[in-house]
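The values are calculated or read from the model by the stated rules, or taken from the named source; none is laboratory data. All values reported here derive from a predicted model rather than from experimental measurement. Cβ placement follows ideal geometry from the backbone for every residue including glycine, while neighbour counts extend to all protein chains displayed.
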Amino acid sequence: MQVSPLHIWIAAELDQAANAELDLASLRTLQLERLNQTLAHASTNSPFYKKQLQNRQACTLTSLQDLADLPFTSADDLRQEGLQMLGVSQGAIERVVTLESSGTTGAAKRLYFTGEELGRTQAFFRLGMCPYLDPGDRVLILLPGELPASAGNLLATALQPLGVECQIEGIVTDPGRCAALLAEENFACVVGIPVQVLSVLRHPNASRIARGRIKSVFLTSDYVPSALVADIQQQWGCPALNHYGMTELALTGGVECQALDGYHLREPDLFFEVVDPVHGHPLTAGETGEVVVTTLTRKGLPLIRYRTGDLARFVDEPCPCGSNLPRLSKLQGRIAQHLSIGAGQQLGIPLLDETLFMIPGLINYQAVLSLEQGVNCLSVSVETAAGSGPPTLREADQRLQELAPIHTAAEAGTLRLLPTRLCSKPLPVSATVKRSIIDQRKDH
């Protein structure tokens with residue numbers, strides 16, 4: 001198994017041999033140096049951080065552990081402070097991304113990136129995908145690509161130096177067409193949102209795709225269910241690699257290697273922490289908490305101790321690929337999406353994904369929690385592949401009833417599970433808003 005290309009990249013940044021265990025102390029020294037540069041820049045040039053950091057440009061941290069003494073940056077800061085967070089003039093910004101919040105009517109988050117920062121994102125795209133591509137290969141990109149600096153466009157441009165041709169399909173509106181495209185034309189790689197790739201994989205036209213024709217699949221922007229990874233391996237005969245990306249991180253933060261055993265991280269550009277979601281103190285490897293990220297090379301809109309809302313843990317055992325660098329585990333969903341259903345039980349998208357996407361004919365679903373006469377009610381509507389409606393509904397009902405949190409809450413009388421229904425129309429999919437349980441209880 002080939003060592004992660006991120007290991008090789010970081011070795012080059014440290015002037016170390018790529019085939020040897022990396023000196024972690026040297027990596028942390030590099031990160032500390034870049035962290036202090038970021039703090040000095042932000043506290044001098046960003047009105048928000050000048051106040052937040054209380055003019056720390058004259059101070060330097062002596063260790064990365066000292067970072068825990070600094071305040072967090074939140075999504076609300078991005079919404080409320082906006083341009084006050086910039087560390088450069090607006091004229092130096094090449095791309096502005098507006099993120100609408102799922103399920104709220106509050107102000108949107110706006111992210112600002114310089115051309116250099118977008119270039120580093122493209123370099124990371126190229127780095128993470130190069131082991132799976134050869135000159136002349138074609139990549140089908142199922143991500144938005146209409147705008148010059150959109151995710152699909154950035155990726156396509158990033159892969160050009162590899163001699164790779166990209167076709168940007170955007171958000172999938174016709175899974176059958178995409179499946180036929182993969183069956184009739186030579187695409188070595190597919191990049192897309194998990195439920196979008198699932199809709200293509202489970203369309204009847206996908207049976208025409210020869211096993212082994214596609215060499216790799218990269219899944220990004222949302223939780224990746226294990227059933228999808230297994231189905232891709234079984235039907236297409238290739239690995240499905242999980243990419244950790246969010247717009248706040250200039251679209252990319254880490255990616256799995258061939259071992260499929262956690263994210264290798266963009267360490268020279270980002271410093272990751274895992275903290276207790278309630279108290280905020282740092283957690284040790286193996287403990288699950290909230291992922292917090294500090295940018296190390298961003299000038300446009302630096303983020304210092306940004307609370308992502310994602311749940312994960314550090315994995316410090318050596319990767320099967322040979323890299324000795326710590327990794328981040330597969331994300332375990334978002335904190336805000338672990339919703340109480342009574343009787344001490346919680347329900348979130350990851351658990352529902354792992355339960356429902358095991359059903360062969362199911363390609364998407366929508367879960368809604370409501371409150372009726374003081375009792376939580378869970379309603380699930382499913383989107384199915386052609387010809388699999390009634391059997392899929394019956395299996396979904398059975399699997400949901402047997403799911404431990406739902407069963408426990410139902411037995412305690414705090415949850416009523418309504419019969420599963422078929423969606424009347426295709427469910428919307430976004431590259432920037434993660435899928436979530438719709439919580440209507442707050443309206444009561």
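Tabulated data for the structure shown
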read-out	value
The lone exception for Gln332 - which of (1) more than 30 Å from Ile93 (Cα to Cα); (2) over 17 Å from the mean Cα position of the chain (by Cα); (3) not hydrophobic (A, V, I, L, M, F, W, C) it fails	(2)
Count - residues of the range 1-36 that are assigned to a helix (DSSP H, G or I), in contact (Cβ under 8 Å) with a residue 24 or more places away in the chain and more than 24 Å from the chain's Cα centre (by Cα)	8
Test for Thr98: is it over 22 Å from Asp222 (Cβ atoms) and modelled with pLDDT under 95	no
Test for Val96: is it farther than 19 Å from Gly237 by Cα, surrounded by fewer than 19 Cβ atoms within 10 Å (Cβ to Cβ) and either out of contact with any Asp or Glu (no Cβ under 6 Å at 6 or more places or on another chain) or polar (S, T, N, Q) (or both)	yes
Residue match in the range 277-288 (condition: buried (at least 23 other Cβ atoms within 10 Å of the Cβ) and under 20 Å from the mean Cα position of the chain (by Cα))	no
Test for Ala410: is it buried (at least 17 other Cβ atoms within 10 Å of the Cβ) and more than 26 Å from Lys434 (Cβ to Cβ)	yes
All positions within the range 185-199 that are under 20 Å from the mean Cα position of the chain (by Cα) and either of a type in the set (Val, Ile, Thr) or part of a loop (DSSP other than H, G, I, E, B) (or both)	Val190, Val191, Ile193, Val195, Val197
Where a residue in the range 319-334 is outside the structural domain of Leu347 (by TED's automatic domain parsing) and touching a residue at least 60 places away in the same chain (Cβ under 8 Å) and its partner, wherever it lies, is among the aromatic types (Phe, Trp, Tyr) and not in a loop (DSSP other than H, G, I, E, B), with Cβ under 6 Å and at least six apart	Pro326/Phe314; Arg327/Tyr263; Leu328/Tyr263
Answer from Ile168, Ile209, Ile193 - the residue that is in contact (Cβ under 8 Å) with a residue 60 or more places away in the chain and of a type in the set (Val, Ile, Thr)	Ile193
Output for the range 294-318, where each listed residue is part of a loop (DSSP other than H, G, I, E, B), at pLDDT 95 or above and closer than 30 Å to Asn19 by Cα	Leu296, Thr297, Arg298, Arg313
Counted residues, the range 110-148 - those being surrounded by 20 or more Cβ atoms within 10 Å (Cβ to Cβ) and free of Cβ contacts under 8 Å to residues at least 40 places away in the same chain	2
Within the range 320-340, tally of residues that are part of a loop (DSSP other than H, G, I, E, B), within 19 Å of Ser226 (Cβ to Cβ) and not charged (D, E, K, R)	6
Scope the range 233-273; condition part of a helix (DSSP H, G or I) and without any contact (Cβ under 8 Å) to a residue 24 or more places away in the chain; matching residues	Gln233, Gln234
Check on Arg313, farther than 29 Å from Pro144 by Cα, of a type in the set (Lys, Arg) and crowded, with 19+ Cβ neighbours inside 10 Å	yes
Residue count, the range 124-151 (criterion: of a type in the set (Gly, Ala, Ser) and at pLDDT 95 or above)	1
Condition check for Ser216: of a type in the set (S, T, N, Q) and farther than 30 Å from Leu67 by Cβ	yes
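Residues checked against (1) more than 29 Å from the chain's Cα centre (by Cα); (2) surrounded by 15 or more Cβ atoms within 10 Å (Cβ to Cβ); (3) closer than 25 Å to Ala108 by Cα; (4) of a type in the set (Val, Ile, Thr):
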site	(1), (2), (3), (4)
Leu339	no, yes, yes, no
Gln398	yes, no, no, no
Pro426	no, no, no, no
Ser430	no, yes, yes, no
